[in-house]
Each structure stands twice: as C-alpha cells, then as structure tokens.
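Novice: Dropping the structure in here first, questions after.
The values are calculated or read from the model by the stated rules, or taken from the named source; none is laboratory data. Computed from a predicted structure; not experimentally measured. Cβ atoms come from the backbone with ideal geometry, glycine included; neighbour counts cover every protein chain shown.
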Amino acid sequence: MAVEEAKQHTVLIVAGEVSGDIHGSHLVRALRELNPSLEFCGVGGDAMQAAGVNLLAHISEMAVVGITEVCSKLGTILGTYRRLKARLQSDPPALVILIDYPDFNLLLARTVHHLKIPLIYYISPQIWAWRRGRIRTIARLVTKMIVIFPFEKALYEQAGVDVTFVGHPLLDSVKSRFSRSEALSYFGLTPGKPTIALLPGSRPSEIQMNFPALLKSVPLVVQQLETVQFIVPVAPGLDIDRILALTKPYDAWVHVIKGHVHDILNISELALVASGTATMETAIIGTPMIIVYRVSPITYLLGRLLIRTKNIGMVNIMAGKTIVPELIQSQCNPDRIAEAVLQLMQDPEKRHTIKQELASLRNSLGKPGASQRAAEVIHTFLKEDRLHARV
C-alpha cells in the first residue's frame with residue numbers, strides 16, 4: 001500500500017478526560033463497523049485503548065480541573081502537545097477528531113489547521129457558559145462540529161460553523177444491569193433503608209476538594225435520619241485504597257463499591273454529585289441530586305469572571321432554571337450539605353418534582369444512537385473529503 005493511501009485510513013483522535021475517553025471508545029467502535037480499514041492513534045484512556053486506539057499519551061497524565069490545578073501537570077501536558085504536533089507534521093492523518101477538553105484541543109487545532117488536515121470537533125466546549133469568544137476560534141479552525149445538546153446547533157449556525165446535532169451519547173451507555181433487589185443484595189445494602197449516593201468526582205483533584213466535605217456531612221445527616229445508608233461508586237482510574245482510607249472513619253454508614261455507578265444511582269433516593277458529566281448521568285437515570293463542587297480560590301475567582309450563566313450544573317443550564325440545588329465553593333461545606341440533604345430527604349413531593357423535571361430534560365436530549373449517528377457523519381465526511389482530494 002502506498003504511503004499516501006495508508007494515510008487515508010489513519011485517524012488521530014484526542015480525549016483528555018474520563019468522559020471523553022468513554023465517548024471516544026464508542027465512536028471508534030462505531031466507525032470501525034462502518035470502515036474496518038480505519039486505524040486510530042491519539043490520546044485517550046483505557047476505554048479507547050480497548051477499542052483499538054494506539055495511545056500516544058494516557059488521560060491519567062492529562063485530566064485536571066482549574067487554572068491553578070493545571071500548573072502541577074503543565075510540563076506533562078505540554079510534552080504531550082509537542083509529541084502530537086511532531087506526529088502531525090511527520091505523519092499527517094486523514095482526519096483529526098477532537099473530543100471536548102477545549103484548552104488543550106483548541107491549541108492543538110491551530111496546528112491541525114496550519115497543516116491543512118481536516119478537523120472534526122465532537123462534543124463542544126461549553127461556549128454558552130463561559131469564554132463565548134472561543135466560537136470565533138472554532139469557526140476559523142474546525143472543519144465540522146458535531147454537538148450533543150440541541151441548543152448548541154443554533155449557536156454554531158449563527159457563527160457560520162458547519163454543525164450537526166446527533167443527540168447525547170450517554171443515552172446509550174447510561175443503564176442499570178441489576179433489578180433493585182439484585183442491586184441491594186450485590187452492594188450489601190439494607191432493603192428498606194433510604195440510600196444516598198456520593199459521587200465526589202472522577203479525578204484525584206476532585207476527590208481532594210469535594211470528598212472530605214461530603215463525608216463530614218454524613219454523621220450530621222445520620223443524626224436526623226438514623227436509618228439512612230450511603231454508597232460511593234468509585235470512578236474508573238481512581239485509587240480505591242485511597243477512597244477506602246478516607247471513608248474508614250465513616251464505615252458504619254458508608255459503603256464503597258468499585259464502579260457500578262448507574263446501578264447505584266438507580267437504587268438511590270438522592271445523589272450528591274460533583275459538577276460534570278456525572279450530573280448528566282444522574283439526570284438520565286432520573287435520580288434527584290444535589291450538585292457540589294470546590295476548586296482552588298484562585299480558579300474560582302477567575303472562573304466567576306468568565307462564566308456567563310447563573311448556574312454551573314449542566315442540568316440547570318439546560319433547564320434554564322435551578323431544578324436541583326447547587327452547593328459551590330464556600331457553600332460546599334458539611335453543614336450546608338447536610339441541610340440540603342435533609343430538606344430533600346424529608347420532602348418526597350419535592351423529590352418527585354425533580355424527577356419529573358429530569359424526565360423532561362432527558363427527553364430533550366434526542367434519541368439513543370448518538371455515537372452511531374456521529375460515526376455516520378464522520379464516515380460520510382471522510383468519503384467526501386477523499387472524493388474532493390481526487391478532483
């Protein structure tokens with residue numbers, strides 16, 4: 001096979017976080033079904049590697065939150081950027097696919113654009129929430145956007161970007177395996193006791209910032225609700241021994257399970273969820289939630305200067321109103337968390353209203369099959385691009 005022909009079958013794909021890794025893995029598998037000759041390399045995690053992506057860097061080296069948090073991994077992140085830039089220059093692929101992770105990916109997009117390599121961006125940066133000016137950069141650098149929220153399509157069309165809405169890929173992957181009775185037995189929970197899920201985040205920095213306050217709220221809640229039980233589904237990539245060490249003082253009330261987040265959300269009356277992809281998973285399951293989040297003071301202050309929305313939780317942003325409580329920064333403390341938990345646990349009617357709001361939100365996300373639809377868009381794009389290249 002000629003070198004030029006081989007390049008037509010190579011796709012470089014970049015995801016920098018756990019959620020992007022999962023979405024990327026589904027996309028790669030769907031693309032391979034449409035075109036088995038495609039080869040993939042890039043940045044991702046265990047899921048993308050299992051899907052057949054040759055990893056040039058792992059997301060464990062990349063996943064950070066906040067401006068000050070980036071500093072601790074800046075050398076590694078810049079090293080990955082230089083490695084990808086060199087690869088693009090020496091062995092340009094037929095296509096580059098970028099998944100979310102905007103600060104890194106938009107920097108890489110400049111190199112891709114300069115080298116005149118077609119570029120598809122899958123899962124948009126949150127331009128509606130902060131740094132909206134990035135849409136001009138996207139319009140200049142990106143060949144095509146594939147978006148997962150319905151309101152994003154109009155934003156990009158107004159900016160002159162070629163954009164397709166495919167629906168949310170979580171609709172395919174968010175599902176429980178067990179019945180309620182099976183799950184309670186499997187997780188060692190007591191039937192009849194109200195269950196509260198604790199989802200402190202999927203990154204070590206999020207565990208450090210969010211988890212202590214969540215755990216310290218547990219005995220405060222138990223003082224008022226003696227029969228309540230708590231469970232922590234440990235996200236992939238996190239050190240479960242570290243989680244167990246943190247929860248040890250609370251062993252009487254807190255269970256720790258590796259994975260199974262969807263089954264755990266499905267049997268929980270309430271979830272305390274770190275802002276991010278997990279809030280959308282919780283919404284799709286339909287579990288009432290309280291969104292929590294803390295970052296460094298400097299990151300928070302700078303973020304408030306840039307964020308345009310009242311809320312930071314995607315659930316509330318999509319709804320255009322506060323349908324679930326948000327406890328952010330100084331409000332993310334044990335007393336305030338316990339107070340919010342007790343208010344919802346003692347008000348079944350309010351929890352029912354939240355479940356109805358979440359059901360409406362889920363319906364707005366489109367139909368299952370987003371990864372397949374995104375793959376079909378990319379497959380068609382590749383065929384058309386090759387046709388144009390021959391003309």
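Novice: Determine if the range 175-196 includes at least one residue that is closer than 21 Å to L361 by Cα, touching a residue at least 40 places away in the same chain (Cβ under 8 Å), among the small types (G, A, S) and crowded, with 16+ Cβ neighbours inside 10 Å.
Specialist: Yes: one or more hits.
Novice: Taking the range 312-363 on its own, how many of its residues are among the aliphatic types (A, V, I, L, M), touching a Gly at 6+ places or on another chain (Cβ under 7 Å) and surrounded by fewer than 18 Cβ atoms within 10 Å (Cβ to Cβ)?
Specialist: Total satisfying the criteria: 1.
Novice: Which of the residues spanning the range 320-333 are closer than 19 Å to M209 by Cα and without any contact (Cβ under 8 Å) to a residue 60 or more places away in the chain?
Specialist: P325, E326, L327, I328, Q329, S330, Q331
Novice: Which one of these is part of a helix (DSSP H, G or I), more than 18 Å from F211 (Cα to Cα) and at pLDDT 90 or above: R362, R304, R336?
Specialist: From the options R362, R304, R336, the qualifying one is R362.
Novice: Collect the residues in the range 123-152 that are part of a loop (DSSP other than H, G, I, E, B), out of contact with any strand residue (DSSP E or B) (no Cβ under 7 Å at 6 or more places or on another chain) and either aliphatic (A, V, I, L, M) or at pLDDT 90 or above (or both), keeping them in residue-number order.
Specialist: Selection gives I127, I148, F149.
Novice: Taking the residues in the range 365-391 that are of a type in the set (D, E) and more than 20 Å from H168 (Cβ to Cβ) as candidates, determine which candidate is modelled with the highest pLDDT.
Specialist: The residue in question is E384.
Novice: Wholly within the range 26-94, which helices (runs of 4 or more DSSP H) include no fewer than the required count, namely at least 2 residues that are at pLDDT 90 or above and under 23 Å from the mean Cα position of the chain (by Cα)?
Specialist: 46-50, 74-90
Novice: Mind counting the residues in the range 131-174 that are of a type in the set (K, R) and either in contact (Cβ under 8 Å) with a residue 40 or more places away in the chain or in the same structural domain as M314 (by TED's automatic domain parsing) (or both)?
Specialist: The qualifying residues number 3.
Novice: Taking the options T299, T287, T309, name whichever one is crowded, with 18+ Cβ neighbours inside 10 Å, assigned by TED's automatic domain parsing to the domain that holds L265 and at pLDDT below 80.
Specialist: T299
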